[in-house]
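One structure is given here, and the rest of the page talks about it.
Quick note: the coordinates plus some simple rules give every number you see, no bench work behind them. Because the structure is a prediction, the values reported are computed rather than measured. Don't worry about glycine lacking a Cβ; one is built from the backbone with ideal geometry, like all the others, and counts go over all protein chains shown.
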Amino acid sequence: MGSCTRRGFLAGAGAAAGLAAAEVGRRTAQAAAPPRKNILLFVADDLGRNDAGCYGNPAIKTPGLDRLAASGTRFTNAYCSSPSCSPSRSVILTGMHNHANGMYGLQHAAHHFQSFDKVVSLPKRLADRGYHTALAGKYHVWPEKVYPFETTVPNAKTPDLLAEKCRPVMEAKDGRPFFLYFCTTEPHRPFKHQPEDLPDPKDVIVPPYLPDTPVCRAEIARYYASVRQADRALERLLDLLDETGHREDTLVLFVSDNGIPFPGAKTNVYEPGVNLPCVARVPGAPNPGGVCGALVSWADITPTLCAWAGVPVDADAVQGRSFLEAMREEQPAGWDTVYGSHTFHQVTMYYPMRWVREGKWKLIWNLANGLSFPFANDLWESETWQDFRTRGDEVYGKRRVDAYLHRPPLELYDLEADPDEVHNLADDPAHAETLQRLHASLKAFQERTADPWIIKWEHE
């Protein structure tokens with residue numbers, strides 16, 4: 001039988017009391033700590049606004065996005081700033097327009113545009129506040145020190161399998177909230193799909209900016225099937241949130257980086273290139289299944305997610321604002337203007353454009369109007385475009401080919417009367433006042449955001 005001295009007994013009792021006190025302190029801290037606020041940001045690649053069931057397309061299967069919209073808020077006037085992959089993603093992850101963050105064009109290969117070293121990105125802001133930041137899928141921004149992620153989820157053969165590999169991020173027991181940045185490569189060309197997802201070409205909806213031909217319908221059918229691939233990943237992620245108990249503490253935001261990969265959409269600042277799907281599910285938000293008509297921008301995403309996470313952001317450090325309160329209403333006041341900035345796609349595709357939408361009005365300033373509008377490689381290779389060229393037609397969709405290739409300095413459209421943007425009112429004296437107001441607004445935007453291309457005002 002062992003002996004115990006008074007000193008040893010007191011020491012042991014003191015240690016036990018200390019441990020007990022520490023445990024009480026830990027539990028008290030847990031009770032006092034704010035609830036976890038996880039973030040799932042899903043970015044599809046080249047997915048158009050109208051290409052989902054919840055956006056009114058009956059010919060395409062998107063049960064994942066439809067499910068998210070039924071429990072969240074669907075935006076009808078959400079805009080990327082730049083209709084090109086890397087620039088758009090840089091805006092999403094910084095809250096700064098691409099001319100301000102430095103990502104003027106594509107990041108990869110010979111193009112190699114990158115953001116300025118001093119830019120502070122969303123993953124950096126969240127990591128500094130204790131978030132576990134994880135990337136799954138397409139990265140497509142640079143440099144890594146500006147866009148750091150603690151974890152990179154291993155790649156997988158299909159988007160739904162990639163989603164499954166995100167389970168450890170959600171199941172982590174370290175007490176930290178997570179920020180999962182999930183990016184499919186679908187429906188970017190080449191269109192990857194499962195045979196059972198391929199619709200009959202006669203059932204697809206040919207948008208008005210494309211020619212209604214058998215070749216185009218067949219290509220759109222493959223695009224629809226590729227959209228379904230991306231949607232399968234969203235379905236699995238939503239299931240994982242349910243399975244891991246994080247449905248009620250996770251904000252889910254679904255967006256696309258730019259319009260569909262056909263001439264007339266991607267790389268264009270016409271509506272099909274920039275007006276995109278945006279669906280948000282915010283725990284505790286009113287009116288699940290509601291619609292919001294606020295004009296929001298991808299520059300608003302970083303401020304919105306930081307506001308949700310309780311991460312302070314200096315208003316001077318971002319060029320957007322949180323839309324958390326705006327999404328509570330169908331038509332919130334003060335959300336009637338949005339701006340955009342496009343400069344490059346590939347390095348060989350220099351065609352800077354700046355644009356503003358104010359209510360029903362939209363003004364496009366083609367800064368390089370003396371040049372022919374350039375084609376991205378994947379758009380030029382589109383079967384639809386090549387078939388069109390072979391036929392030698394002069395009208396592509398509702399726009400003359402010459403008008404598509406050779407653009408005037410200014411394009412002014414009334415989107416209510418002319419949603420397809422084919423009747424340029426810039427030279428109409430009846431709209432001179434509107435033109436002047438929007439041009440002044442665009443210049444002020446360039447000044448606020450330190451746009452280097454503002455120099456064009458001195459020469460044009």
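3J(HN,Hα) couplings calculated from phi for region 359-364 with the Karplus curve 6.51 cos²θ - 1.76 cosθ + 1.60 (θ = phi - 60°) are, in sequence order, x, 7, 9, 9, 10, 10 Hz; Gly and Pro show x. One decimal place: the segment residue 398-residue 386 gains 2.6 nm when fully extended, by the rule 0.36 nm per residue minus the C-alpha distance. The string of couplings for region 81-96 from the Karplus curve (6.51, -1.76, 1.60, θ = phi - 60°) is 7, 10, x, 8, 3, 4, x, 5, 5, 5, 5, 4, 8, 10, x, 10 Hz, one whole number per residue in order, with x for Gly and Pro. When only the Cβ of Lys, Arg, Asp and Glu is charged (+1, +1, -1, -1), the dipole of the chain relative to its Cα centre reaches about 1900 debye.
Between residue 441 and residue 416, the simple spin-label model (points 7 angstrom out along Cα→Cβ) gives 1.4 nm. The average projected area of the chain, computed from the convex hull of its Cα atoms over all directions, is 27.7 nm². Take the Cα of residue 112, step 7 Å toward its Cβ, do the same at residue 347, and the gap between the two points is 0.6 nm.
Please rank 362, 165, fewest neighbouring Cβ atoms within 10 Å first, as an exposure proxy.
Numbers: 362 24, 165 13.
Starting with the residue having the fewest Cβ neighbours, the order is 165, 362.
Taking Cα centre as origin and charging only the Cβ of basic (Lys, Arg, +1) and acidic (Asp, Glu, -1) residues, the dipole magnitude of region 234-345 rounds to 240 debye.
May I ask you to derive the FRET efficiency for residue 336 and residue 152 from their Cβ-Cβ distance with R0 = 35 Å, giving the value to the nearest 0.05?
Values: r = 40 Å, r/R0 = 1.13.
Efficiency computed from Cβ-Cβ geometry: 0.30.
Set Lys and Arg Cβ to +1 and Asp and Glu Cβ to -1, take the dipole of region 180-303 about its Cα centre, and tell me which of 234, 250, 215 lies farthest positive. Ranked along the dipole, the leading option is 215. Projecting the Cα atoms of 87, 413, 440 onto the dipole axis of the chain, where Lys and Arg carry +1 and Asp and Glu carry -1 at the beta carbon, places 87 farthest toward the positive end.
Grab the other residues whose beta carbon is less than 12 angstrom from that of residue 47, score K and R as +1, D and E as -1, and report the net. Mind showing how you got there, number by number?
On the way: positive: 49, 228, 266; negative: 45, 46, 51, 186, 231, 257.
That sum, taken over residues with Cβ under 12 Å, equals -3.
Please identify every one of the GluC sites (Glu not before Pro) in region 368-449 that sits in a loop by DSSP and has no more than 14 other beta carbons within 10 Å of its own beta carbon. Mind showing how you got there, number by number?
Working: sites: 381, 383, 394, 411, 416, 421, 433, 447; in loops: 381, 394, 416, 421.
Here the GluC sites (Glu not before Pro) that fit, given the DSSP loop and packing criteria, are 381, 394, 416.
Using the Cα gyration tensor of region 344-458, with a ≥ b ≥ c the square roots of its eigenvalues, what is the shape: rounded (a/c below 1.5), prolate (a/b larger than b/c) or oblate (neither)?
Values: a/c = 2.43, a/b = 1.40, b/c = 1.73.
It is oblate, given that a/c is not under 1.5 and a/b is not larger than b/c.
Taking other residues whose beta carbon is less than 9 angstrom from the beta carbon of residue 414, and scoring Lys, Arg as +1 and Asp, Glu as -1, yields 0.
In the structure shown, the pairs 124/266; 61/398; 61/266; 202/266; 118/138; 138/266 are assessed against 20 Å; a Cα-Cα span above that value is assigned to 124/266; 61/398; 61/266; 202/266; 118/138.
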